[in-house]
């Protein structure tokens with residue numbers, strides 16, 4: 001059983017933060033260490049050292065502070081006088097709460113303290129109890145139905161007083177998902193290092209252990225992982241686009257509250273196919289489109305409720321506005337030379353809304369509408385990878401959308417699908433001569449731009465996909481939310497990111 005738990009632990013660590021790179025938007029997480037008269041020195045000093053040493057690629061991973069109960073003045077083990085930064089009355093809400101052991105039995109009856117711990121447990125990401133610090137946590141009732149451990153000397157009393165908790169002995173620590181309990185004294189260091197590996201990755205924990213010169217070998221520890229996935233939230237990939245070389249994919253990943261009480265929280269990531277690693281992108285917006293040289297991302301950012309097109313430079317990390325006006329915008333595409341953008345604008349709402357296509361020249365800052373104002377809507381312009389032709393979907397309101405092509409000046413508009421019996425949309429260039437598109441309900445077709453060689457891709461069924469002309473790969477979401485990769489030439493399919501791995505790969509810490 002020990003080996004099985006260890007495998008889960010290491011696998012989770014590999015995928016949780018995956019590749020660790022700089023994130024200019026990262027804010028250190030608050031770690032509160034609860035102190036009281038008679039607190040065990042190593043119970044709090046060990047975890048405090050672990051969290052204080054943790055590093056996010058040159059930045060502190062945590063903001064560590066101490067919290068008193070009714071006073072800032074604490075005496076530990078009858079010789080160490082401590083002044084805490086806060087008391088529970090003025091303490092900032094922590095992301096992680098550490099409850100060390102000590103002479104705490106009298107505090108179990110402190111209703112204000114127990115209520116505070118319970119409130120923190122509802123709002124914090126993690127709680128770590130060390131030694132008999134579990135006394136205070138157990139009193140809240142939040143451990144009922146869970147498995148926990150403590151110092152061997154505290155076990156008999158815990159079993160007697162808290163029969164609803166499965167108290168175990170001989171386990172270095174027990175992970176219930178958000179609540180981790182440890183054995184006594186030095187076990188708090190192991191539990192803290194484990195929590196680092198869980199929140200970030202094993203490399204972060206190993207680096208801290210090395211600095212502390214602590215013999216950290218989790219494969220030799222006997223511990224239990226009983227954590228259950230949070231069923232109220234899930235991660236979903238909602239959009240994706242290729243980096244030009246086809247080696248990376250830009251993903252929009254939502255944290256979704258399945259109860260519907262909270263709006264989805266989006267984050268942008270860069271996923272490397274070969275290494276299966278991710279980087280968080282500090283881009284707050286939608287409709288991401290990567291420039292042909294791979295150095296910039298054009299996207300739509302809401303400023304005071306209005307859509308504006310911005311440009312984020314992946315090299316310099318600079319963000320600047322491009323198109324600032326009052327029109328609703330979406331669906332950005334780059335010209336092959338990187339000098340122009342095509343995008344949709346919308347005027348009006350509901351059935352009266354008009355959707356047209358504009359181009360924007362990055363050098364002259366000129367905006368030009370290339371479709372005429374009409375009752376019909378023209379969606380999702382996509383620039384040809386080799387020339388000035390632009391694909392789009394024409395919507396006449398009859399659920400028989402057709403695929404059209406035009407040029408950067410809108411000098412012609414040719415119906416490519418030209419089939420009023422079918423519903424066709426979401427065209428993308430396979431190369432400069434062929435296109436890939438959806439025919440409702442979820443059939444994927446390829447076709448030459450002259451209308452010849454129309455073929456269905458039998459192996460793929462989806463309404464959401466993207467093609468990379470360089471690698472001839474098609475990435476898509478299947479009906480179960482798995483991100484899949486299909487090679488158009490060799491007709492091979494493989495899973496890139498299974499839906500059941502989303503919560504591990506796009507770890508909760510990204511969404512702080």
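The values are calculated or read from the model by the stated rules, or taken from the named source; none is laboratory data. Quick caveat, the model's predicted, so the values are computed rather than measured. Cβ coordinates were reconstructed from backbone atoms using ideal geometry, including for glycine residues, and neighbour counts include every protein chain displayed.
Write out, first by first residue and then by second, each pair whose Cβ atoms fall under 7 Å of each other, whose residues are 6+ apart or on separate chains, and whose first residue, in the stretch 357-371, is over 18 Å from residue 405 (Cα atoms) while the second is not in a strand (DSSP E or B).
Sorted first by the residue in the stretch 357-371, then by its partner, the pairs are 361/339; 362/339; 363/339.
Touching a strand residue (DSSP E or B) at 6+ places or on another chain (Cβ under 9 Å), surrounded by 18 or more Cβ atoms within 10 Å (Cβ to Cβ) and not assigned by TED's automatic domain parsing to the domain that holds residue 195: which single residue out of 441, 469 fits that description?
None of the others qualify; the one that does is 469.
Among the residues of the stretch 119-127, are any more than 29 Å from the chain's Cα centre (by Cα) and modelled with pLDDT of 95 or more?
no
Within the group 365, 373, which residue is more than 22 Å from residue 322 (Cα to Cα), out of contact with any helix residue (DSSP H, G or I) (no Cβ under 9 Å at 6 or more places or on another chain) and in a loop (DSSP other than H, G, I, E, B)?
Result: 373 is the single residue among 365, 373 that is more than 22 Å from residue 322 (Cα to Cα), out of contact with any helix residue (DSSP H, G or I) (no Cβ under 9 Å at 6 or more places or on another chain) and in a loop (DSSP other than H, G, I, E, B).
Can you name every one of the strands (runs of 3 or more DSSP E) wholly within the stretch 423-512 that holds 1 or more residues which are in contact (Cβ under 8 Å) with a residue 40 or more places away in the chain?
Output list reads 424-429, 434-439, 443-448, 465-468, 473-477, 483-487, 493-497.
Which numbered condition in (1) surrounded by fewer than 15 Cβ atoms within 10 Å (Cβ to Cβ); (2) farther than 23 Å from residue 251 by Cβ is the only one that residue 327 fails?
So the condition that residue 327 fails would be (1).
Would it be correct to say that residue 287 is buried (at least 18 other Cβ atoms within 10 Å of the Cβ) and either without any contact (Cβ under 8 Å) to a residue 24 or more places away in the chain or within 23 Å of the chain's Cα centre (by Cα) (or both)?
yes
Among 189, 249, 211, which is the only one that is in contact with a strand residue (DSSP E or B) (Cβ under 7 Å, 6 or more places away or on another chain) and not assigned by TED's automatic domain parsing to the domain that holds residue 469?
249
Condition first: within 35 Å of the chain's Cα centre (by Cα) and part of a strand (DSSP E or B). Now tell me which residues in the stretch 382-403 satisfy that.
382, 383, 390, 391, 392, 393, 394, 395, 403
Just to check your reading of the model, which residue among 406, 417 is assigned to a loop (DSSP other than H, G, I, E, B), buried (at least 20 other Cβ atoms within 10 Å of the Cβ) and in contact with a strand residue (DSSP E or B) (Cβ under 6 Å, 6 or more places away or on another chain)?
Unique residue meeting the criteria: 417.
Among the residues that make up the stretch 256-271, is at least one of them assigned to a strand (DSSP E or B), under 17 Å from the mean Cα position of the chain (by Cα), at pLDDT below 90 and surrounded by 15 or more Cβ atoms within 10 Å (Cβ to Cβ)?
Yes.
Go through the stretch 290-324 and report how many residues are surrounded by 14 or more Cβ atoms within 10 Å (Cβ to Cβ) and within 23 Å of residue 265 (Cα to Cα).
The total comes to 14.
Taking into account only those residues within the stretch 115-144 that are touching a strand residue (DSSP E or B) at 6+ places or on another chain (Cβ under 8 Å) and part of a loop (DSSP other than H, G, I, E, B), which is nearest to residue 88 (Cα to Cα)?
So the residue we want is 124.
Among the residues of the stretch 147-168, what is the count of those that are in contact (Cβ under 8 Å) with a residue 40 or more places away in the chain and surrounded by fewer than 19 Cβ atoms within 10 Å (Cβ to Cβ)?
The number of residues fulfilling the criteria is 2.
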